[in-house]
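Participant: Take a look at this one; I'll ask things after.
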Amino acid sequence: MRLALVTCPQLPEGTPDDAVLLPHLRAAGFQPEFVSWDDETTDWRAFRAVVVRSTWDYHARPRRFLRWIEHCAETGIALWNPPRVLRWNHHKRYLRDLAEHGVPVVETEWLERGRPSDLAELLRHRGWDVAVVKPAVSAGARRTRTVRSTEAGAEQPVLDRMLRSGDVLVQPFLEAVVGEGEWSLIFFGGELSHAILKRPAAGDFRVQERFGGTVEAATAPGWMTEQAAAVLEAVEVLGGAEGDLLYA
C-alpha cells in the first residue's frame, strides 16, 4: 500500500522526526514515500492515503496550499488530517474560534490586512510592556518578533509592512516561555502519546531548533493533560472532524 508522507521542496526527504516513522510503516505493510505537496506531476490518487507531515512552506504560498487541499478533497483522496481541519488550522484565527468555544487562549489583538493600526496606542491601551507580533499565517516563528512598548514607534514600519501582506496577531509576551518552556502534547487517534518541552536559547524567546532552541521528552502534569484533552474535543467540533483526527 503506497502511503504519501507530504513534505515541501526544502525537505525532500522529510525531517529526522519523519524518518522515525519509516520502519514502522513498512512493518505494517505500507510503502511510504516522501512527496512535496506542490509537485504537480504527482497523481495523489495512486496512494492509499496522504499524510501531511513537513509542509513547512505553506505559509509562503497559502492560497496555493489551500488549492491543493481542495484538489484532494474534490478528488476523494484520503488526506490526513481531513481537509476541513487543514483549512481551519492554516490561519491562526482558529485561536479566536477556540476562545469563543470557552478554551483559554492567550489574549490577542486581531489586526486585519490593509487596516492601519497604531502599535504604540495598542500596547498602551492593553497595558502590555512587551508584546509578540506575528503573522496570522505563519510557521516556525517566521516574522515573529517581540516589541517593547518603549520601542513601539520605531517598530511601526515593520507592522505596517506585515499588514500590507496579511493579517497580524499581537499578544502579550509570556515570560513562562523563557522560564519554563513551551509544552507540546501529542495525541494519536485521540489518545495522548507523549509530551515534549521546548526551550529557547539564552537571550531568545523562539523555541525552534533553527534558532538554537532545545527539545526534550517530558511528563506533562495531570491538569495539563486534562486541559489538552478538552482542547482536542473543541478542535474536533470546530474543525468538523469529530473522531476523525489522525494526530494532533
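Participant: Let me have the relative contact order for the chain, percent, based on Cα pairs under 8 Å that are six or more residues apart.
Facilitator: 16
Participant: Please name whichever of 227, 194, 172 sits farthest to the positive end of the charge dipole of the chain, dipole taken about the Cα centre and charges placed at Cβ: Lys and Arg +1, Asp and Glu -1.
Facilitator: Most positive-ward Cα: 172.
Participant: Net charge near residue 178, counting Lys/Arg +1 and Asp/Glu -1 over other residues with Cβ under 12 Å of its Cβ?
Facilitator: Values: positive: 198, 199, 206; negative: 175, 180, 182, 204.
Overall, the nearby charge balance is -1.
Participant: In addition: Summing -39500 (n - 2.57) over the DSSP H runs of n ≥ 4 in the chain and dividing by its residue number, what mean residue ellipticity at 222 nm do you reach, to the nearest 500 deg cm²/dmol? Don't skip to the end; give the middle numbers.
Facilitator: Numbers: 8 runs with 84 residues, N = 248.
Result for the chain: -10000 deg cm²/dmol, rounded to the nearest 500.
Participant: What FRET efficiency, computed as 1/(1 + (r/R0)^6) with R0 = 25 Å and r the Cβ-Cβ distance, is obtained for residue 176 and residue 117, rounded to the nearest 0.05? Before the final figure, lay out each step's value.
Facilitator: On the way: r = 26 Å, r/R0 = 1.06.
Efficiency for this residue pair is about 0.40.
Participant: At 0.36 nm per residue, minus the direct Cα-Cα distance, what do residue 156 and residue 234 gain on full extension? Give it in nm, one decimal, please.
Facilitator: Values: separation 78, 0.36 × 78 = 28.08 nm, distance 3.55 nm.
Extra length from residue 156 to residue 234 when fully extended: 24.5 nm.
We did not get these values from a lab; they are worked out from the coordinates using the rules stated. Note that the structure is a prediction, hence the values are computed from the model and not measured. With ideal geometry, Cβ positions are generated from the backbone for all residues, glycine too; neighbour counts draw on all protein chains shown.
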